[in-house]
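Written out below as structure tokens is the structure these notes cover.
The values are calculated or read from the model by the stated rules, or taken from the named source; none is laboratory data. In this text the structure is predicted, and so the values were computed from the model without any measurement. Here the Cβ positions follow ideal geometry from the backbone for every residue, glycine too, while neighbour counts run over all protein chains shown.
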Amino acid sequence: MKGTQIRPIRTGDEAALRCFLAGLSLHTQTLRFFTGFSRPSAGLVGALMKIDELRDALVAVNEGEIVAHAMSYRGGCADVEVAVVVTDQWQGIGIGPKLVDTLLIRAAIRGATTVAMDVLGENRRALRMIRRAWPDAKMTVSSGSVEVTAMIKQAVVFAEQGSVGSPLTA
């Protein structure tokens with residue numbers, strides 16, 4: 001993880017993001033997007049690139065290659081909803097939680113107090129991370145997915161305990 005940086009997505013990242021998405025296994029695609037694809041569509045890439053007053057998007061980059069993507073958007077069942085995907089080779093080393101922490105700090109600065117995520121019920125790794133980070137989160141099972149809502153204040157406290165920074169460290 002050394003040398004990996006979390007930063008906002010940039011206009012020039014489109015080709016790298018498309019390559020990142022194309023490199024995800026069908027299993028990882030399904031866990032994140034609830035479906036698989038052979039090639040990422042222009043609409044999907046555009047939606048993941050968008051940053052405005054309602055949306056935020058971050059990437060984790062290592063040696064010029066995108067290894068993870070996270071986004072948040074305002075609205076829905078909470079002030080902000082988040083979604084994260086980490087390439088298969090980089091899963092399990094803490095990049096996902098760091099991206100979520102960074103998104104939540106940025107959302108809290110803009111006034112958000114609640115966070116939500118939709119997680120496939122089979123995504124045990126994500127559900128374990130959520131239980132550790134947000135022990136008081138409300139989880140509702142609906143049609144094979146778990147709708148999670150939590151207070152951002154609680155999440156930001158975890159983040160401020162040292163897991164967020166621009167450069168990631170091992």
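Checking Arg132 against (1) loosely packed, with under 13 Cβ neighbours inside 10 Å; (2) among the basic types (Lys, Arg); (3) not in a helix (DSSP H, G or I), which test does it fail?
(3)
Test Val119 against the criterion of being under 26 Å from Gln29 (Cβ atoms), surrounded by fewer than 17 Cβ atoms within 10 Å (Cβ to Cβ) and modelled with pLDDT of 90 or more, and give yes or no.
No: the conditions fail for Val119.
Assigned to a strand (DSSP E or B) and either at pLDDT 95 or above or over 14 Å from the mean Cα position of the chain (by Cα) (or both), is that true of Thr149?
yes
Enumerate the strands (runs of 3 or more DSSP E) found wholly within region 1-99, keeping only those where 2 or more residues are aliphatic (A, V, I, L, M). It would help to see each step written out before you state the result.
Values: elements: 4-8, 55-62, 65-75, 78-86.
Hits in region 1-99: 55-62, 65-75, 78-86.
Within region 12-33, is there a residue that is of a type in the set (Asp, Glu) and either closer than 21 Å to Ala133 by Cα or touching a His at 6+ places or on another chain (Cβ under 8 Å) (or both)?
no
May I ask you to verify whether Gly75 is small (Gly, Ala, Ser), under 18 Å from Ile152 (Cα atoms) and out of contact with any Leu (no Cβ under 8 Å at 6 or more places or on another chain)?
Working: small (Gly, Ala, Ser): yes; under 18 Å from Ile152 (Cα atoms): yes; out of contact with any Leu (no Cβ under 8 Å at 6 or more places or on another chain): no.
Taking the combined requirement at face value, the residue does not satisfy it.
Quick check: is even one residue across region 27-36 surrounded by 16 or more Cβ atoms within 10 Å (Cβ to Cβ), in contact with a helix residue (DSSP H, G or I) (Cβ under 8 Å, 6 or more places away or on another chain), over 20 Å from Ala108 (Cα atoms) and of a type in the set (Ser, Thr, Tyr)?
Yes, region 27-36 contains at least one residue that is surrounded by 16 or more Cβ atoms within 10 Å (Cβ to Cβ), in contact with a helix residue (DSSP H, G or I) (Cβ under 8 Å, 6 or more places away or on another chain), over 20 Å from Ala108 (Cα atoms) and of a type in the set (Ser, Thr, Tyr).
Looking for something out of contact with any Pro (no Cβ under 9 Å at 6 or more places or on another chain), over 21 Å from Ser142 (Cα atoms), hydroxyl-bearing (Ser, Thr, Tyr) and touching a residue at least 60 places away in the same chain (Cβ under 8 Å) - is there at least one such residue anywhere in region 15-30?
Yes, because at least one residue in region 15-30 is out of contact with any Pro (no Cβ under 9 Å at 6 or more places or on another chain), over 21 Å from Ser142 (Cα atoms), hydroxyl-bearing (Ser, Thr, Tyr) and touching a residue at least 60 places away in the same chain (Cβ under 8 Å).
For Ala42, are the conditions met, namely being in contact with a strand residue (DSSP E or B) (Cβ under 7 Å, 6 or more places away or on another chain), farther than 24 Å from Leu104 by Cβ and surrounded by fewer than 20 Cβ atoms within 10 Å (Cβ to Cβ)?
For Ala42, the condition - in contact with a strand residue (DSSP E or B) (Cβ under 7 Å, 6 or more places away or on another chain), farther than 24 Å from Leu104 by Cβ and surrounded by fewer than 20 Cβ atoms within 10 Å (Cβ to Cβ) - is not met.
Could you check Leu104 against (1) crowded, with 18+ Cβ neighbours inside 10 Å; (2) without any contact (Cβ under 8 Å) to a residue 40 or more places away in the chain and say which number it fails?
All conditions are met except number (2).
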